[in-house]
Amino acid sequence: MDVAGLKLPDWRAIQTREYEVWDDADLRIDTSTTSPHSAAALILAAISSGTI
């Protein structure tokens, strides 16, 4: 889907972006092995337990 007025970055802009590692996430879900329904359940469980 195209967004009116959105300027997409070229490959050079992508390669030179500053990247910050985010290794202390409060909740990690492997979406390659978790279904959307299961992911939602994990998120709700984490919220309910106060983990996040």
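The values are calculated or read from the model by the stated rules, or taken from the named source; none is laboratory data. None of the values given here were measured: they were computed from a predicted structure. Ideal geometry is used to build each Cβ from the backbone, glycine not excepted, and the neighbour counts take in all protein chains shown.
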Condition check: at pLDDT 95 or above and more than 16 Å from the chain's Cα centre (by Cα). Does Asp10 satisfy that? yes
Give me the pairs, please: first residue somewhere in the stretch 9-30 and at negative phi and touching a residue at least 60 places away in the same chain (Cβ under 8 Å), second residue anywhere and surrounded by 10 or more Cβ atoms within 10 Å (Cβ to Cβ) and assigned to a loop (DSSP other than H, G, I, E, B), beta-carbon distance under 7 Å, and either six or more positions apart or on two chains. none
Quick one: is Ala45 at pLDDT 95 or above and either outside any loop (DSSP other than H, G, I, E, B) or more than 15 Å from the chain's Cα centre (by Cα) (or both)? yes
I'd like the full set of residues that are out of contact with any Ser or Thr (no Cβ under 9 Å at 6 or more places or on another chain), surrounded by 10 or more Cβ atoms within 10 Å (Cβ to Cβ) and assigned to a helix (DSSP H, G or I), limited to the stretch 14-40. Ser38, Ala40
So Ile52, is it at pLDDT 90 or above, assigned to a loop (DSSP other than H, G, I, E, B) and touching a helix residue (DSSP H, G or I) at 6+ places or on another chain (Cβ under 6 Å): no
